[in-house]
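The values are calculated or read from the model by the stated rules, or taken from the named source; none is laboratory data. In this text the structure is predicted, and so the values were computed from the model without any measurement. SASA here: full protein model, heavy atoms, side chains in, ligands and nucleic acids out. Shrake-Rupley method; radii C 1.70, N 1.55, O 1.52, S 1.80 Å.
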Amino acid sequence: MTKILIVEDEKILLDLLARHLQAEGYEVLIATTGDTGLEMARNDQPDLCLLDVMLPGLDGLSLCRILRRETDIPIILLTARASEVDRVIGLDTGADDYVI
């Protein structure tokens, strides 16, 4: 079964994403901080990471950089930051896609 790690601190969005992905048959791993997300990514080796940019503790961009150095896991940044500069920064950190 494909494992998807969601690193998101907004409970409503997290629950919605998790519920829909589980309904499609994915195994969903959940982290609400960047530090926990990093630990889970290292230990559970997910197939995909959906990552919020604005996280408590280790922020999403820093987590993305670390994951990119350590693994080739696909990373999709999910964020409310919509400027072109934010998108460029997100993709430059190693994300595979940037979804507003």
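What number comes out for accessible area per residue over the chain if the probe is 1.4 Å? Units Å², please.
With the other protein chains kept in place, the chain gives 56 Å² per residue.
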Given the options L51, L16, L38, which has the most mean-square fluctuation in a GNM of the chain, springs set between C-alpha atoms less than 10 angstrom apart? L16
Taking protein heavy atoms only, a 1.4 Å probe, and rounding to whole percent, the accessible area of the chain owed to carbon and sulfur comes out at 51 percent
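So what is the 222 nm mean residue ellipticity for the chain from helices alone, if each DSSP H run of at least 4 adds -39500 (n - 2.57) and you divide by all residues, rounding to the nearest 500 deg cm²/dmol?
Taking each H run of at least 4 residues, the total per residue is -13500 deg cm²/dmol.
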